[in-house]
Amino acid sequence: MANSSIAAVSFKVVLLGKGCVGKTSLVLRYVEDKFNGKHITTIQASFLNKKINIDGQRLTLAIWDTAGQEKFHALGPIYYRSANGAVLVYDITDVDSFQKVKTWVKELRKMLGRDMCLAIVGNKMDLEEERQVPVEEAEEYASKVGATHWFTSAKLNQGVEEMFVGLARDMLAKN
Ligand code: GDP
Ligand code: MG
């Protein structure tokens with residue numbers, strides 16, 4: 001029981017973004033190190049737990065993925081209200097998905113103020129030659145709204161762990 005005095009730290013993280021940008025793929029890559037070339041329509045649970053250790057601090061990330069409700073614009077505050085962090089995902093080849101991230105940022109800031117840590121993620125960086133969202137525009141936008149910005153490929157496993165760990169560090173610093 002040597003560690004019983006150390007409080008367990010648990011953070012809720014929600015994934016948000018347009019359908020098909022790769023939200024479920026990022027979660028499955030990070031938590032289970034899997035990738036599936038198909039759109040994943042069924043999820044086993046509403047969230048997956050990932051235990052990590054940051055500079056000796058043990059913490060659990062409860063990572064919430066959607067069941068596709070974003071397609072019907074049916075994700076309400078109940079989904080994100082108690083979250084410590086949000087991962088706002090766009091697809092670098094889809095300009096509309098970046099606009100959707102901006103809509104989410106506005107809603108989250110309006111509902112929750114500055115309490116929530118935000119990570120904006122340009123996924124599918126393996127499709128660089130089809131890029132439609134300029135790097136500078138995305139990075140400038142993120143810094144303007146007080147979010148971090150990351151590039152990932154769930155497919156090639158690039159930047160995924162760095163992004164989740166970076167968000168975990170931000171949440172630790174804030175809580
Ligand atoms: P969600 O609707 O946002 O949860 O998106 P999914 O995770 O279901 O992924 C949608 C599609 O994008 C699937 O065909 C995935 O295989 C594909 N996908 C996800 N991440 C990547 C990536 O990093 N690179 C590429 N090329 N495809 C990806
Ligand atoms: Mg999904």
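How do Trp64, Trp104 rank by accessible surface area computed with a 1.4 Å probe, from largest to smallest?
Descending order: Trp64, Trp104.
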- Antiparallel DSSP beta bridges within the stretch 30-175, percent to nearest 5: 45
- Calculate the length of the line joining the C-alpha centroid of the stretch 134-175 to that of the stretch 56-108, in whole Å. 13
- Task: Please give the helix 160-174 orientation as an angle from the longest Cα principal axis of the chain, in degrees from 0 to 90, rounded to the nearest 10.
- Result: 50
- Would you pull out the residues with amide H under 5 Å of Cys117's amide H, same chain only if 5 or more places away, H placed 1.01 Å from N? Gly85, Ala86
- Exactly which trypsin sites (Lys or Arg not before Pro) in the stretch 100-154 are in a DSSP loop and have at most 12 other Cβ atoms within 10 Å? Arg114
- On the accessible surface of the stretch 20-169, probed at 1.4 Å, how many percent belong to carbon and sulfur atoms? 51
- Cut-off under 5 Å, modelled amide H: who pairs with Thr152 long-range: Gly122, Asn123, Lys124, Met125
- Item | Estimated D of the chain in µm² per second, where Rh is the Kirkwood radius over Cα pairs and Stokes-Einstein applies at 20 °C, 1.002 mPa s | 131
- Cα axis of helix 135-144 to longest principal axis of the chain: angle in degrees, 0 to 90, nearest 10? 50
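Would you mind classifying the stretch 46-85 by shape? Square roots of the alpha carbon gyration tensor eigenvalues, ordered a ≥ b ≥ c; an a/c under 1.5 is rounded, otherwise it is prolate if a/b is larger than b/c and oblate if not.
Prolate shape, in that a/c is at least 1.5 and a/b is the bigger ratio.
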- Task: Name the aspartates and glutamates eligible as straight-distance cross-link partners of Lys34: C-alpha to C-alpha under 16 Å, and not fewer than 8 places from it in the same chain.
- Result: Asp65, Glu161
- With all distinct Cα pairs included, what does the Kirkwood hydrodynamic radius of the stretch 102-162 come out to in Å, to one decimal, could you say? 12.6
- Message: At R0 = 41 Å, how high is the FRET efficiency between Asp55 and Asp126 if r is their beta carbon distance? Nearest 0.05 is fine.
- Response: 0.85
- Query: In the full protein assembly as shown, how much of Met171 is accessible to a 1.4 Å probe, in Å² to the nearest 10?
  - Reply: 0
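Mind checking the per residue accessible area of the stretch 59-110 for me, 1.4 Å probe, whole number of Å²?
Values: 2250 Å² over 52 residues.
Solvent-accessible surface per residue comes out at 43 Å².
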- Query: How big is the shadow of the Cα convex hull of the stretch 9-68, averaged over all directions, in nm²?
  - Reply: 4.3
- Query: Contour minus end-to-end for Phe35 and Ala173, with contour as 0.36 nm per residue of separation and end-to-end as the Cα-Cα distance?
  - Reply: 46.6 nm
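The values are calculated or read from the model by the stated rules, or taken from the named source; none is laboratory data. From a predicted model like this one, the values you see are computed outputs, not experimental measurements. Note that we place each Cβ from the backbone using ideal geometry, even for glycine, and neighbour counts take in every protein chain shown. Each accessible area value is taken on the protein alone, full model and side chains, heavy atoms only, with ligands, DNA and RNA left out. Shrake-Rupley method; radii C 1.70, N 1.55, O 1.52, S 1.80 Å.
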